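Scroll down for the structure; my scribbles are underneath it.
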Amino acid sequence: MGEETELAPLDATKENGHNTDRERISIIGTGNFARALATRLVHNGYSVVCGSRFPDRRDLAKYDDTLTVVRVTSIDTALNQANLVILALPADAIVSTLTPFREGTVGKILVDVSNPDEKKREGQAESNAESISKAFPDAAVVKAFNTLSAYAIEFDYTSGVRNVYVAGDDEAACGKVRDLTRAIGFTPVQFGRLSKSAALEAMQQELMANWTAPLVITGVVFLVWFLFGLWRFQIKRGGDWERLPLKSMNKIIGSTAITLLALCFLAGGLAGVVQIINGTKYKRFPGWLDRWMKMRKELGLLALCLAAVHAVMCLAHVSPIYYPKWYDVTTVIVRTVDGAEVVVPIRYDHNWKGQCIMSMGVVAMCFLTIVGLASLPGIADRLTMRQWRFIQSYLGQFSLVATVVHVLLKAAPKWVSMSVIVQNMGFLCLIVPTLTVLLRFVLALPFVSGYIEKIRGGWERNASREPTQTYM
Ligand SMILES: NC(=O)C1=CN([C@@H]2O[C@H](COP(=O)(O)OP(=O)(O)OC[C@H]3O[C@@H](n4cnc5c(N)ncnc54)[C@H](OP(=O)(O)O)[C@@H]3O)[C@@H](O)[C@H]2O)C=CC1
Ligand SMILES: [Fe+3]
């Protein structure tokens, strides 16, 4: 592809009195991101020009047939071909690449899609977008698209509408970028002024946004149950190490899952208690409760993940060998050649206990899966508020109750005969979930829930109190 001298000048895009320059977009760069955006733009009826340092050497058609209609020109020409220019260049090369063509940036909307190189940007307060804006003050710089991958832009037409965050100081320019975003099948979300672009760039650097604390909590809960299980099932029994990887680990993982599930629902219960004590919803929750409330989704998903592992491990080893009390056995007496009588089991059937434990586990897993799926963005977006609350609150609590019953059925009768109840993992791992279920039950009683609903509706017990104090 060479320099396209026959390209119409920008003004020629005004047709029938209408300015159709929105139809032509310039992209500077011919790399992965530039090609992905060009493909999507062409699919949506845009005419695209790509500016390259080496236009003669770039043949975009060899990547995808769609790109045969994309002209590759010099950077200078590309800048002059559209009002909206997307800078798909490496972050560090943007200013130096455009500086020789400063004239061409005047009056243009420059869309910065870049993400910083983490190491180079450490301690640097200014975002890429702000640096570009400073270097080219006669252009309107808009930050957008940086939170999407080239792959998602090029191929992901099916998994729901993705958000594209837009930040910039020029409202008209931001509006044009939002229109473009919408036109190619994304949902534009105005993120604020250009100063917010640093947050957008940081967003992309975060590997585990919102997940660090829930993962640490999961690790701590797992460690507590692991150490207890190690002592209870291996050390105390004088070394039963070959059962550690599956049988003991299954109980440890199951206990971790039910604890996390309880922690997920306990936060909401405590929030209700705090609101009753405060007598108003206009008082902030204490910091620890606020943070806890915000990690409920992650805690629930981690509980679901571990519950699934527990279920698979159960399938792998639940048998009459490990759990004889869950089975009825049919035996026959066989006489050996030397006349001795040997009792031989010929058939095992799950008894009532075994059937109830397994079926309650399946029910809990099923409801928990629905709750987990409904919390994922693509699905949650499609639910009405009422549907979402029904699944998260009612089905969620039902899954916790089913889980508690599952463990109770498995462990409860044993407690009665156990001299030291606190050594029973089934008993210990039920304490927090049972307290949570009881708390939620009390909060669901008509006069209590009515009182909370009143508070959540804006009613204040002491309406004359002023000003409302906040927790720090
Ligand atoms: N790839 C992705 O999934 C995502 C990328 N981004 C951002 O998009 C921008 C482009 O990324 P991507 O397309 O993956 O990168 P590539 O390395 O694939 O492409 C960059 C293009 O920029 C041009 N370029 C101009 N000057 C230079 C230079 N000095 N050094 C290297 N290339 C130069 C090159 O085109 P030519 O040789 O034709 O001039 C090159 O093809 C980056 O800022 C990145 O942070 C953001 C989100 C996701
Ligand atoms: Fe279980």
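Please give the Cα centre distance for the range 251-288 versus the range 380-412, rounded to the nearest Å. Going from one Cα centre to the other spans 15 Å. Using R0 = 56 Å, the C-beta based FRET efficiency linking Val337 and Val216 works out to 0.30.
Taking all protein chains together, Arg71, Arg40, Arg347 sort by accessible area into Arg347, Arg71, Arg40, largest first [probe 1.4 Å].
Taking amide H positions as modeled 1.01 Å from N, with prolines and chain starts lacking one, the residues under 5 Å from Cys50 and 5 or more places away or on another chain are Ile27, Arg71, Val72, Thr73. Can you give me the accessible area per residue for the range 209-456, using a 1.4 Å probe, in Å²? Ligands and nucleic acids excluded, the result is 55 Å² per residue.
Please report, in debye to the nearest 20, how large the charge dipole of the chain is about its Cα centre when each Lys and Arg carries +1 at its beta carbon and each Asp and Glu carries -1 there.
In debye, rounded to 20, the chain gives about 2440.
For the range 179-278, the normalised intensity computed at q = 0.10, 0.13 Å⁻¹ comes to -0.59, -0.77 (log10 of I(q)/I(0), Debye sum over alpha carbons, equal scatterers, no solvent). Expressed as a whole percent, the accessible surface of the range 209-456 that belongs to carbon and sulfur atoms is 70, based on a 1.4 Å probe.
In whole angstrom, the range 209-456 maps to an equivalent ellipsoid with semi-axes of 41, 19, 18, each derived as √(5λ) from the alpha carbon gyration tensor and ordered largest first. Computed from the Cβ-Cβ distance with R0 of 51 Å, the FRET efficiency linking Asp92 to Leu223 stands at 0.75.
If you bin all the Cα-Cα distances of the chain at 10 Å, starting from zero, the percentages per bin are 4, 15, 19, 16, 15, 14, 10, 5, 2, 1, 0.
In this model, which of Lys297/Lys454; Lys62/Lys143; Lys247/Lys294; Lys134/Lys196; Lys251/Lys325; Lys108/Lys196 are farther than 23 Å apart at the alpha-carbon? From Lys297/Lys454; Lys62/Lys143; Lys247/Lys294; Lys134/Lys196; Lys251/Lys325; Lys108/Lys196, over 23 Å: Lys297/Lys454; Lys62/Lys143; Lys247/Lys294. Over the residues of the chain, the helix contribution to mean residue ellipticity at 222 nm works out to -15000 deg cm²/dmol, using -39500 (n - 2.57) for each DSSP H run of at least 4.
The HN-Hα couplings worked out from phi for the range 132-145 by the Karplus form 6.51 cos²θ - 1.76 cosθ + 1.60 (θ = phi - 60°) are 5, 4, 5, 6, 10, x, 8, 10, 9, 8, 10, 8, 6, 6 Hz, whole numbers, x standing for Gly and Pro. DSSP beta bridges in the chain, what fraction antiparallel, as a percent rounded to 5? In the chain, DSSP labels about 35 percent of beta bridges as antiparallel. Can you classify the range 10-203 as rounded, prolate or oblate using the Cα gyration tensor, where a ≥ b ≥ c are the square roots of its eigenvalues, rounded means a/c under 1.5, and otherwise it's prolate if a/b beats b/c and oblate if not? Rounded, because the longest to shortest axis ratio a/c is under 1.5. Relative contact order, whole percent, for the chain stands at 11, derived from Cα pairs under 8 Å and 6 or more residues apart.
Database remark: amide H of Val164 closer than 5 angstrom to the amide H of Thr187, Val189 (H placed geometrically; neighbours at sequence offset of 5 or more, or on other chains; Pro and chain starts carry no H). Solvent-accessible area per residue in the range 10-203 equals 46 Å², computed with a 1.4 angstrom probe and all protein chains kept.
Computed over protein heavy atoms with a 1.4 Å probe, the carbon and sulfur contribution to the accessible area of the range 67-158 reaches 52%.
The values are calculated or read from the model by the stated rules, or taken from the named source; none is laboratory data. Computed from a predicted model, the values in this text were never measured in an experiment. So basically every Cβ, Gly included, is an ideal-geometry build from the backbone, and we count neighbours across all protein chains shown. When the accessible area is computed, the model is the full protein with side chains, heavy atoms only, and any ligands, DNA or RNA have been set aside. Shrake-Rupley method; radii C 1.70, N 1.55, O 1.52, S 1.80 Å.
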